[in-house]
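Heads up, the thing below is written out as structure tokens.
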Amino acid sequence: MEQVKENFLIKAESETNPEFGCYPDSRPIEEHLRKGIINLDKPSGPTSHEVDSWVRRILNCEKTGHGGTLDPRVTGVLPIGIDHATRVTQLLLVAGKEYVCLMRLHQEVDEEKVRNILQEFQGKIFQTPPLKSAVKRELRVRNIYNVNILEIDGKDVLFRIECEAGTYIRKYCHDIGEALGIGAHMAELRRTKAGPFKEDETLTTLHDLTDAYHEWKEEGDESLLRKCVLPMERAVEHLLKITIRDSAVDALCHGADLASGGILRLDKNIKKGETVAILTLKGELVASGEALENADEIHKSSKGIMVTTKKVFMEPGTYPKMWK
Amino acid sequence: MKLKTRKCKSCGEYTLQDVCPHCGGDVGVIYPAKYSPEDKYGKYRRMLKKQMLKKQDAGVDA
């Protein structure tokens, strides 16, 4: 409770009606699947889209979507949203990523020189997307938050890099090679983080997923599947949050913006223009939006629109209609 | 092609060496096993998993 008080500003108190909605962790298994997200360990070989369609086949679901494409040879964290949670992955596309990369230099060079260059290639860097890419090829700025050299072994440099969404590590290695004047390429890459998802006990392989689904269908044991598939709320853990009244939920589901009166508590770090996740008192994800004021102003306000709704994730009719 | 990066099985650190430089633990490969959508041997994999679970349970009891 102390923790909650520290990070949140409490604007009003209210209770939630147990007759509507459902706590994310206690959804029935079918609903859990439809609103589920998988922290998948992508194998080397297939493209991200192939992995997507394999998951669709394994789980017999209608839709899947992934949060940030990985090249065929790259492995690691690839969050995959199922059915209703497919669109939630859009919030992950723009989230920060972390990789472990092995860069191979094309000639022997002083270790010190490599360290200095990598030091320089931090913060804002310019990058042109590679020849074969999904986006328009024009110079763009990307933020490198942190580069940490783990080991240097002759021409091989192993490093961990934290970067903004849309950074091409292959290009990053190439550019470092150019800067050193000897050339370099990316030899091996593994994603270790995508937004809130990282290499932990939730990281699931396609094999585990297949077996868990099998166990549920054939033996009726859903416990394994619940370990593999996480509630979609896990995908917004990296965002700032606002909790709203039951009475405001359905209006938002129909596309209304969030007004001051509907807000119960909010993250005290919310700044104007930032993306926020809007949750019910049960912790269900309703929508994502853009804050129109800083946390303090929202806290003090008594009327007016505080957050514009960007993407709605909850189905209309989950909560009763309280607006006219 | 063989990949050079290794990952410690106990502390999860990445390294190029044969022994984890941080904790001295065993290192393993960094990528998950290949998967095929046909999953021809899934049945046997599940059998093995069950056996191992049973063994584990028996070990705890004893």
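Every number here is computed from the coordinates shown, using simple stated rules; none is lab data. Just so it is clear, the model here is predicted, and its values are computed rather than measured. Methodologically, a virtual Cβ is constructed for each residue, glycine included, from the backbone with ideal geometry; neighbour enumeration extends over all protein chains shown.
Details
- Note on region A:236-253 and region A:84-163: Cα centroid distance 35 Å, given to the nearest whole angstrom.
- Chain B: C-alpha gyration tensor shape, a/c 1.5 cut-off, then a/b vs b/c: oblate
- 222 nm mean residue ellipticity, helices alone, for the protein assembly as shown (DSSP H n ≥ 4; -39,500 (n - 2.57); rounded to 500): -7000 deg cm²/dmol
- Whole-number percent relative contact order across chain A, with pairs defined as alpha carbons under 8 Å at least 6 apart: 21 percent
- Rg/Rh (Cα only; Kirkwood hydrodynamic radius) as it applies to the protein assembly as shown: 1.01
- Taking the centroid of alpha carbons for each part, chain B and region A:1-70 are 26 Å apart.
- Anisotropy class assigned to region A:97-194 is prolate, per the alpha carbon gyration tensor with a/c at or over the 1.5 cut-off and a/b larger than b/c.
- Gyration tensor (alpha-carbon) shape descriptor, region A:54-147, a/c threshold 1.5: prolate
- Mean separation of Cα contacts under 8 Å, 6 or more apart, over the residue count of region A:97-194: relative contact order %: 44 percent
- Axis angle, to the nearest 10 degrees, between helix A:48-59 and the longest C-alpha principal axis of chain A: 40 degrees.
- Once Rg and the Kirkwood radius are both taken over the C-alpha atoms of region A:34-190, their ratio Rg/Rh works out to 1.02.
- Shielding value for A:148-158 is 3, the average number of Cβ atoms from other chains within 10 Å of each residue's Cβ.
- Rounded to 10°, Cα long-axis angle of helix A:169-180 versus longest principal axis of chain A: 40 degrees
- Computed from Cα positions, the angle between helix B:42-61 and the longest principal axis of chain B comes to roughly 90 degrees.
- For the peptides A:42-49, A:24-31, the ranking by packing is A:42-49, A:24-31, with the highest mean count of neighbouring Cβ atoms within 10 Å listed first.
- Alpha-carbon Rg with Dmax, taken over region A:172-265, Å: 22.0, 63
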